[in-house]
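Trainee: I am attaching a structure below and will ask some questions about it afterwards.
The values are calculated or read from the model by the stated rules, or taken from the named source; none is laboratory data. Model, not experiment: these values are computed from the prediction. So basically every Cβ, Gly included, is an ideal-geometry build from the backbone, and we count neighbours across all protein chains shown. For the accessible areas, the whole protein counts, side chains as well, though only heavy atoms, and no ligand, DNA or RNA atoms are used. Shrake-Rupley method; radii C 1.70, N 1.55, O 1.52, S 1.80 Å.
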Amino acid sequence: MIPVTALSKKQFYLNPDLIYRLEETPDTMVTLVDGKTLLIIESADEVVQRIIEYRQKIQQPIHLKEA
């Protein structure tokens, strides 16, 4: 999940797998795969960077402590 901010300044987390399209109109509009749209403060470039960082983070191996 990536953090994003609604125009109301309320932060929430968005599952990037549900994003269909990002547009700047001039606010950033996120269209989800189900057709719902969200307006957020972050630029499309910021959202893309957060998605890249999220994907890199989840691809890293998990190191478990041995008992």
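Trainee: Please tell me the relative contact order of the chain in percent, rounded to the nearest whole number, where contacts are Cα pairs under 8 Å and at least six residues apart. Please report the intermediate quantities before stating the final value.
Mentor: On the way: 82 pairs, mean separation 17.8, N = 67.
Computed value for the chain: 27 percent relative contact order.
Trainee: At a Cα cut-off below 26 Å, give the lysines reachable from Lys10, other chains included and same-chain residues fewer than 8 away excluded.
Mentor: Of all the lysines, those that pass the test against Lys10 - Cα under 26 Å, at least 8 places apart if same chain - are Lys36, Lys57.
Trainee: Output the 0 to 90 degree angle, nearest 10, between the alpha-carbon long axis of helix 44-58 and the longest principal axis computed from the alpha carbons of the chain.
Mentor: Tilt relative to the chain: about 20 degrees.
Trainee: Modelled label-to-label distance, Val48 and Leu7, 7 Å Cα→beta-carbon offset: nm?
Mentor: Modelled inter-label distance: 2.3 nm.
Trainee: Give a quick list of trypsin sites (Lys or Arg not before Pro) in the chain that DSSP marks as loop, anything other than H, G, I, E or B, with at most 10 other Cβ atoms within 10 Å. List each step's numbers first, then the result.
Mentor: On the way: sites: Lys9, Lys10, Arg21, Lys36, Arg50, Arg55, Lys57, Lys65; in loops: Lys9, Lys10, Lys36, Lys65.
In loop regions of the chain (DSSP not H, G, I, E or B), the sparsely surrounded trypsin sites (Lys or Arg not before Pro) are Lys9, Lys10, Lys36, Lys65.
Trainee: Same structure, new question: Tell me which of Pro16, Gln60, Val4 sits at the most positive position along the dipole axis of the stretch 1-61, charges placed on C-beta atoms (Lys, Arg +1; Asp, Glu -1).
Mentor: The one lying farthest along the dipole's positive direction is Gln60.
Trainee: Using θ = phi - 60° and the Karplus form 6.51 cos²θ - 1.76 cosθ + 1.60, what ³J(HN,Hα) does each residue of the stretch 21-31 get, whole Hz, x for Gly and Pro?
Mentor: 7, 10, 9, 9, 10, x, 5, 7, 10, 9, 9
Trainee: How much of the accessible area of the chain, probe 1.4 Å, is carbon plus sulfur, in whole percent? Before the final figure, lay out each step's value.
Mentor: Details: 2830 of 5290 Å².
Carbon and sulfur together cover 53 percent of it.
Trainee: Search the structure for amide H atoms under 5 Å from the amide H of Leu14, placed 1.01 Å from N in the peptide plane, and list their residues when 5 or more places away or on another chain.
Mentor: Excluding prolines and chain starts, which carry no amide H, the hits are Ile2, Val4.
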